[in-house]
Amino acid sequence: MTDPRRHLFLAATAAAVLLATACGGTTIDDAQDEDAQGPTGTADPDAEIPEGLAIDFLPKQLNNPFFDLVNAGGEEAVEELAGVATERGGTEATADSQVEYINAASQAGSDVIVIAANDPDAVCPSLNEARDNGAVIVGYDSNANCTDVFVNQSTNELIGQTLVDMVDEQLDGAGTFAILSATPNATNQNAWIEQMEQILEGDGYGDLELVDTVYGNDDDLESFQEMQGLMQSHPDLDAVVSPTTVGLAAAARYVSDSEYQGELVVTGLGTPNQMREFVHDDTVDRFALWNPHELGYLAGYTGAALQAGRITGAQGETFTAGELGEFTFETDREVVLGPPLVFDADNVDDFDF
């Protein structure tokens, strides 16, 4: 994507708390369930998007800073499309809660339901009923096995490559590093680590060595203690990579007040508000994350294009998502926002989430 896409979010709403629920436990699906129905019908790229589309956004839970930002992006897209955006959901991230609001959206005549599913299967009976009532279903963040299309914030391959590149560039291609992950069974974390391991086996990374992987269970105190333990076990370690916002913040906090500050490379996935102080005190040179505002914006445009018939979600189809530009379905029913955005001292103050 081009530079303008990366700067779309400069005026977005502030969210200063940690985004653990979204960025630690998020599952990024590279493919949907094999039993799900594939794209049907024929796309008409010139089809007009009707005004007044009712587009409902169902996050995992309300009052979660990550999803507040996603929904703000979605609402911006719907406003540009002259539609009507509605945010629905409960304060607990449960499938039962979502079912209630899916049903409410369906009964209200929703044209598009955009959902971050709390369970890939439990929400499907209600989503299928909403589809029967005329809605199209767009998944984002964590997919259900019955959506029409999935808007993926990135891919396991892109995230793994970004994480390896950040440590490789800062170590000039040679050194040892460890990973501070979330939980041992976190689907997304394990997928990203697996990609990192595969990348390290390729050409050009022979002098980088992954020496340990530890788990802080997406708990701040546990992650801090695991970081402390890593340095006791590997006092000559060159870098730590944490692919979870909680772990990265805990690692940076430990290093910022230790003898390793300025010596140990700390990088991973985090939010600008969370990591800004550690960038400015030179504990962290760079880190990465997808842009939640852009994720919601793309999901809103995707849903409108799907309902209008501009796309069906078939591989190879392209469409334009407002200011973000053109996107292509590289696989059936999945469109990808793009690689994570890398933050450093030059741009971290431009973002507020």
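Taking Cα atoms, how many degrees apart are the long axis of helix 156-170 and the longest axis of the chain, rounded to 10 and kept between 0 and 90? Its long axis makes an angle of about 30 degrees.
Let me make sure I get this right: for the chain, a, b and c are the square roots of the gyration tensor eigenvalues over alpha carbons, sorted descending. Under 1.5 in a/c it's rounded, otherwise prolate if a/b > b/c, else oblate. Which is it? Prolate is the answer for the chain, as a/c is 1.5 or above and a/b outweighs b/c.
Pairs of Cα atoms in region 43-99 fall into 10 Å distance bins, from 0 up to the last occupied one, in shares of 23, 41, 26, 10, 0 percent.
From the helices alone, meaning DSSP H stretches of at least four residues, give me the mean residue ellipticity at 222 nm for the chain, per-run term -39500 (n - 2.57), in deg cm²/dmol to the nearest 500.
Values: 11 runs with 129 residues, N = 353.
Rounded to the nearest 500, it is -11500 deg cm²/dmol.
For region 192-240 and region 306-351, compute the distance between their C-alpha centroids and round to whole Å. The distance from the Cα centre of region 192-240 to that of region 306-351 comes to 30 Å.
Roll a 1.4 Å probe over the protein chains and send me the accessible area per residue for the chain in Å².
40 Å²
Tilt of helix 187-200 relative to the longest C-alpha principal axis of the chain, in degrees (0 to 90, nearest 10)? The helix 187-200 is inclined about 60 degrees to the chain. For the chain, the longest principal axis of the C-alpha atoms and the axis of helix 292-308 are separated by about 20°.
Using a 1.4 Å probe on the protein chains only, how many percent of the accessible area of the chain belongs to carbon and sulfur? Let's see the in-between values first.
Values: 5800 of 14090 Å².
C and S atoms contribute 41 percent here.
The values are calculated or read from the model by the stated rules, or taken from the named source; none is laboratory data. These numbers were taken from a predicted model, which means no experiment stands behind them. Heads up: the accessible areas ignore ligands, DNA and RNA and are worked out on the full protein's heavy atoms, side chains in. Shrake-Rupley method; radii C 1.70, N 1.55, O 1.52, S 1.80 Å.
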